[in-house]
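The values are calculated or read from the model by the stated rules, or taken from the named source; none is laboratory data. Predicted model only: the values in this text are computed from it and were never measured. Cβ coordinates were reconstructed from backbone atoms using ideal geometry, including for glycine residues, and neighbour counts include every protein chain displayed. Surface areas here come from the heavy atoms of the whole protein model, side chains and all, with no ligands, DNA or RNA. Shrake-Rupley method; radii C 1.70, N 1.55, O 1.52, S 1.80 Å.
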Amino acid sequence: MTRSGISDPGMLSSVIGWIRRTPRWAVALIVLYVIVLVVVGAASHVAALFRRGLHPYPWAPQWLNLFWSSLAIFDPLAAALLVCGKRVGVDLSCGIMATDLAANWYAAYGVQNTTLATQPGLRKLTAFTLLVFLTGPFIRSRLRFITI
């Protein structure tokens, strides 16, 4: 990726380069992060936007709906930065996971008055967030610092 953000032919070789230099366990975790961020996260937020607009959850406050809708942009952005081998991708992933987990816990306990036992999605989100927090620092140390 060039400084202007436009793809160039060297981008693929850059992606392949960081993958070759990075330990396989770190690459495998990054692939997992990208799959979850894009396939699970972004896809569900984009689908909710198309189905119901910026307020896909009528039971939730407006700010919570807007936050979840914004993840349709931030999830793929974090995934793209990770694919490019950038440390800021790990940073953004940790920020997304922390805020998304807090928002979902608030929604479950503060708005819906449910428990963790009745929310399988919240259990999965909690487990993935813990994985990102526990492995993120190790992955981050194997990636490059982004320069602008």
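Below, the figures for the structure above:
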| quantity | calculated |
| --- | --- |
| So Ala127, is it in a helix (DSSP H, G or I), under 30 Å from Leu143 (Cα atoms) and open to solvent by 50 Å² or more (accessible area, probe 1.4 Å) | yes |
| Pro76 under 24 Å from Leu143 (Cα atoms), exposed (fewer than 13 other Cβ atoms within 10 Å of the Cβ) and of a type outside the set (Gly, Ala, Ser) | no |
| Residue that is free of Cβ contacts under 8 Å to residues at least 12 places away in the same chain and either in a helix (DSSP H, G or I) or of a type in the set (Lys, Arg) (or both), where the choices are Val34, Val39, Val90 | Val39 |
| Matching residues, the stretch 131-143, being more than 15 Å from Gly95 (Cβ to Cβ) and surrounded by fewer than 14 Cβ atoms within 10 Å (Cβ to Cβ) | Leu134, Phe138, Ser141 |
| Sole residue being of a type in the set (S, T, N, Q) and either modelled with pLDDT of 95 or more or open to solvent by less than 70 Å² (accessible area, probe 1.4 Å) (or both), chosen from Thr118, Thr147, Thr114 | Thr114 |
| Near pairs, Cβ below 6 angstrom, 6+ apart or cross-chain, from the stretch 44-57 (part of a loop (DSSP other than H, G, I, E, B)) to any residue that is surrounded by 16 or more Cβ atoms within 10 Å (Cβ to Cβ) | Leu54/Ser69; His55/Asn65; Pro56/Ala48; Tyr57/Asn65 |
| Hey, Gly53 out of contact with any His (no Cβ under 7 Å at 6 or more places or on another chain) and open to solvent by less than 10 Å² (accessible area, probe 1.4 Å) or not | no |
| Leu116 being in contact with a helix residue (DSSP H, G or I) (Cβ under 9 Å, 6 or more places away or on another chain) and either among the aromatic types (Phe, Trp, Tyr) or closer than 21 Å to Val38 by Cβ (or both) | no |
| Residue list for the stretch 76-104, restricted to those being over 17 Å from His45 (Cα atoms) and either in contact with a Ser or Thr (Cβ under 8 Å, 6 or more places away or on another chain) or polar (S, T, N, Q) (or both) | Leu82, Cys84, Gly85 |
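Table: residues versus (1) modelled with pLDDT of 95 or more; (2) surrounded by 13 or more Cβ atoms within 10 Å (Cβ to Cβ); (3) in contact with a Pro (Cβ under 9 Å, 6 or more places away or on another chain).
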residue: Ser4; (1), (2), (3): no, no, no
residue: Leu12; (1), (2), (3): no, no, no
residue: Arg24; (1), (2), (3): no, no, no
residue: Val34; (1), (2), (3): no, yes, no
residue: Val39; (1), (2), (3): no, no, no
residue: Pro61; (1), (2), (3): yes, yes, no
